[in-house]
Amino acid sequence: MYYIGIDLGTSAVKLLLVREDGGIENTVSKAYPVEYPHPGWSQQDPRVWWDAVRAGVRELIAGRDAALVRGIGCGGQMHGLVVLDADDAVIRPCILWNDGRTEAEVAYLNEEIGRDRISSLTGNIAFAGFTAPKLLWMRAHEPGEFARIAKIMLPKDYLSYQLTGVHATDFSDASGTLLLDVEHRRWSTEMLDICGVSEKQMPALLDGADAIGTVDPNVARQLGLPPGVTVAAGAGDNAAAAVGCGAVASGSCNISLGTSGTVFIPSDSFRVDAQNALHSFDYIEGRFHLMGCILSAASCSGWFLGDILRSEDFDAQERPVDPSRVSSDLPYFLPYLMGERSPHNDTSARGAFIGLRADTPRSDMVRAVREGVAFAIRDCVDVARAEGIEIRRSTLCGGGARSALMRQILASVLDIDLDLLQTEQGPGYGAAALAMVACKDQRDVQTCARDIARIKETVSPDPELTGAYEQRYRIWRQLYPALRPIYREMGESHEG
C-alpha cells in the first residue's frame, strides 16, 4: 500500500509516496514564490499551493499502481491566515508565519488585553507570526475584505479542503492561531470575540490522525487517484516532523533546522513556562508539547553562503572551518534576519556580525553563522531546562542538519546526543504516518512512529568543545540585550 505525505513549505511543497513499511517510493518537489510587498512582510497566494500539489501528485504516482494509494496526510507551515468568502474563493494572499506587519496588534493583545489574560485563554501570548494578530491587522487595514470572510483556515488545511471539500484543522496547527483554548481543545469564544470573528467561521477541530473524509471523486479523477482515498487531518509542520522522527512520547525531543528552527518537546500534560517564552500547544492523541521557535535557522546559511557569498557549494565553504578552534575572540552572529520569536518575541530584532577584524577570514564568518543558530536554539532549550525539563538527547531533522559542522556545533553547544534518522523527510513523512493511522492500518501514532523512525547515526558532544562553547555562549547572550534599544530606534526611524 502507498500513503502520500504532503509537506507544504514556505518556498516549495514536497510530496512523498511512502510504502506501508515506511520506505520512500518516490519524492517530488514543486517550488513557488514568496511575495514581499513591504519590508518585513511575506505572503503567498494559496491557489499557487494547490496548483503545485495537483501537478506534484500526478508526477508522484506516474508509472506506479495508483490503486495502491490508501491515504493522504498534510503537514505544513503554521500560523498563515487563509481567508475564504462565502463561495470558498480566496479573498487575499495568505499572510505567512514569518510576516512581521502585526507589531501594533501584538502590542494591543499583550499590553492592553494583557499577557496574563491572553495566556489564561490560550496558554500563549501574542507573537507577530500568530494568526489572531493578523486578523486584527486585516480588520484595521482591509475592512472590506475582512467583512467578506466566511471561513478562516490554515495553509495545510486549505489543501485538505481542496481534496475533500471539508473545512477542518487539527489541534496542533490550531494551537498556533492564538484562537484556541489549548488546554481544553476548543476554540476560545473570548479570543474570537476580541478578533471580531465567530466560531462558525472557524474550521472543525480534529486530532491529527483522524480522517477528515475521502478525496472528492472529481478531484481524484483529476489527480489520477483511486476512489475512496482517506485524508487525515494532518498536523502543523513541527508536529508532523516530530511524528516522522519518532518524537511522540513524553520525555522525547525533536530539533528541526529548516527555514526556521524549532525545539519540540512532547508532554502528557499541559504546561506553560513562567515567561511564556515557549509555545504551549496541543499535539496528537491527547498529548501536548512545548515548542521554541527561532525564525531564521538554515535560512541564515542560505542567506550568507548563497546570497552574499554567491556559492552553491555550501560544503566547500565549510571545509576550511576548523571545528576544534573555539575561542571567545572569534566573531559572533545574531541570526535574527526576520526578527525573532522565541524567546525574545521581537519583530524589530535584526541579524548582526559582532567582533569582525581586518584579518577575519571568511571561514570564521561561516562558523559564526552556524554558531549563532545553535546559540539561538540553546536559548529555547535553556527556557525548558529552567522549568525542570531534562533534555539529554534529541532527534534532529531539517535541511540545516545536513551540515556535519552544524551537527557537531549544535551537539556541543547543547551538550546532548543528537540522533539522525535513516529516513529523514520532515513533515511530509510524519503526515504520511498520520495517514496510515487514519486509514486504520496502524494502531496508533506512537506505534507507527516507532515502526518507521529508525536511527542511523548519533552525534555526541565533544567535552572540550562544550566547555569552550559555554564561554562563547555567555558572551553571545549579552549581545541581543545590548542591541535591543538600537533595533527599536532603527524600527522607529524606518516607520518615520
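Which one is farthest from the chain's Cα centre (by Cα) among residues in region 169-204 that are farther than 11 Å from A132 by Cβ and among the β-branched types (V, I, T)?
Quick first cut of region 169-204, residues farther than 11 Å from A132 by Cβ only: 169-175, 181-187, 189-190, 193, 198-204.
From what's left, among the β-branched types (V, I, T): 169, 182, 189.
Numbers: T169: 16, V182: 18, T189: 26 Å.
So, considering only residues that are farther than 11 Å from A132 by Cβ and among the β-branched types (V, I, T), the one farthest from the chain's Cα centre (by Cα) is T189.
Counting only residues that are closer than 23 Å to I389 by Cα, of a type in the set (D, E, K, R) and out of contact with any Ser or Thr (no Cβ under 9 Å at 6 or more places or on another chain), how many does region 401-449 have?
1
Scan (1) outside any helix (DSSP H, G or I); (2) within 20 Å of the chain's Cα centre (by Cα); (3) within 22 Å of D379 (Cα to Cα) for the single condition S301 breaks and write down its number.
(1)
Residues that are closer than 22 Å to E340 by Cβ and among the hydroxyl-bearing types (S, T, Y): find the strands (runs of 3 or more DSSP E) completely inside region 367-460 holding 1 or more of those. Lay out the reasoning, then the answer.
Details: elements: 393-397, 417-421, 455-459.
Per the criteria, 393-397.
Which residues, taken from region 405-428, are in contact (Cβ under 8 Å) with a residue 60 or more places away in the chain and of a type in the set (G, A, S)?
G426, G428
Report, by residue number, each residue of region 118-129 that is buried (at least 16 other Cβ atoms within 10 Å of the Cβ) and either out of contact with any Leu (no Cβ under 8 Å at 6 or more places or on another chain) or not small (G, A, S) (or both). Can you show your working first?
First, the residues of region 118-129 that are buried (at least 16 other Cβ atoms within 10 Å of the Cβ): 118-119, 121-129.
Selection gives I118, S119, L121, T122, G123, N124, I125, F127, A128.
Which number in (1) surrounded by fewer than 22 Cβ atoms within 10 Å (Cβ to Cβ); (2) out of contact with any Leu (no Cβ under 8 Å at 6 or more places or on another chain); (3) within 28 Å of A453 (Cβ to Cβ); (4) at pLDDT 95 or above marks the one condition that G71 misses?
Single failed check for G71: (1).
If you check D329, D315, which single one turns out to be assigned to a loop (DSSP other than H, G, I, E, B) and among the acidic types (D, E)? Even if it seems obvious, please write down each step before you answer.
Values: D315 fails: assigned to a loop (DSSP other than H, G, I, E, B).
Criteria check complete, one pass: D329.
I need the helices (runs of 4 or more DSSP H) fully contained in region 131-232, keeping only those with at least 1 residues that are in contact with a His (Cβ under 9 Å, 6 or more places away or on another chain). Reasoning before the result, please.
On the way: elements: 131-141, 143-147, 155-164, 171-175, 189-195, 217-223.
Helices (runs of 4 or more DSSP H) meeting the threshold: 131-141, 155-164, 171-175.
Is it fair to say V321 is part of a loop (DSSP other than H, G, I, E, B) and either in contact (Cβ under 8 Å) with a residue 24 or more places away in the chain or not hydrophobic (A, V, I, L, M, F, W, C) (or both)?
Numbers: part of a loop (DSSP other than H, G, I, E, B): yes; either in contact (Cβ under 8 Å) with a residue 24 or more places away in the chain or not hydrophobic (A, V, I, L, M, F, W, C) (or both): yes.
Against the criterion (part of a loop (DSSP other than H, G, I, E, B) and either in contact (Cβ under 8 Å) with a residue 24 or more places away in the chain or not hydrophobic (A, V, I, L, M, F, W, C) (or both)), V321 qualifies.
If you scan region 13-47, which residues turn out to be in contact with a Lys or Arg (Cβ under 6 Å, 6 or more places away or on another chain), surrounded by fewer than 18 Cβ atoms within 10 Å (Cβ to Cβ) and part of a strand (DSSP E or B)?
Let us first name the residues in region 13-47 that are in contact with a Lys or Arg (Cβ under 6 Å, 6 or more places away or on another chain), namely 13, 25, 29, 41.
Subset that is surrounded by fewer than 18 Cβ atoms within 10 Å (Cβ to Cβ): 25, 29, 41.
Listed by number, the residues that qualify are E25, S29.
Does region 258-272 hold any residues that are surrounded by fewer than 24 Cβ atoms within 10 Å (Cβ to Cβ), touching a residue at least 24 places away in the same chain (Cβ under 8 Å) and outside any loop (DSSP other than H, G, I, E, B), and which are they?
Within region 258-272, just P266 meets the criteria.
Could you count how many residues in region 1-12 are surrounded by fewer than 21 Cβ atoms within 10 Å (Cβ to Cβ) and of a type outside the set (S, T, N, Q)?
The number of residues fulfilling the criteria is 2.
Within region 93-112, can you find the residues that are part of a helix (DSSP H, G or I) and either among the small types (G, A, S) or under 13 Å from H38 (Cα atoms) (or both)? Spell out the reasoning first.
Taking region 93-112 first, the residues part of a helix (DSSP H, G or I) are 103-112.
Correct list: A104, A107.
The values are calculated or read from the model by the stated rules, or taken from the named source; none is laboratory data. This one's a predicted model, so the numbers in the text were calculated from it and none came from an experiment. Reconstructed Cβ throughout: ideal geometry from the backbone, glycine too, with neighbour counts over all protein chains shown.
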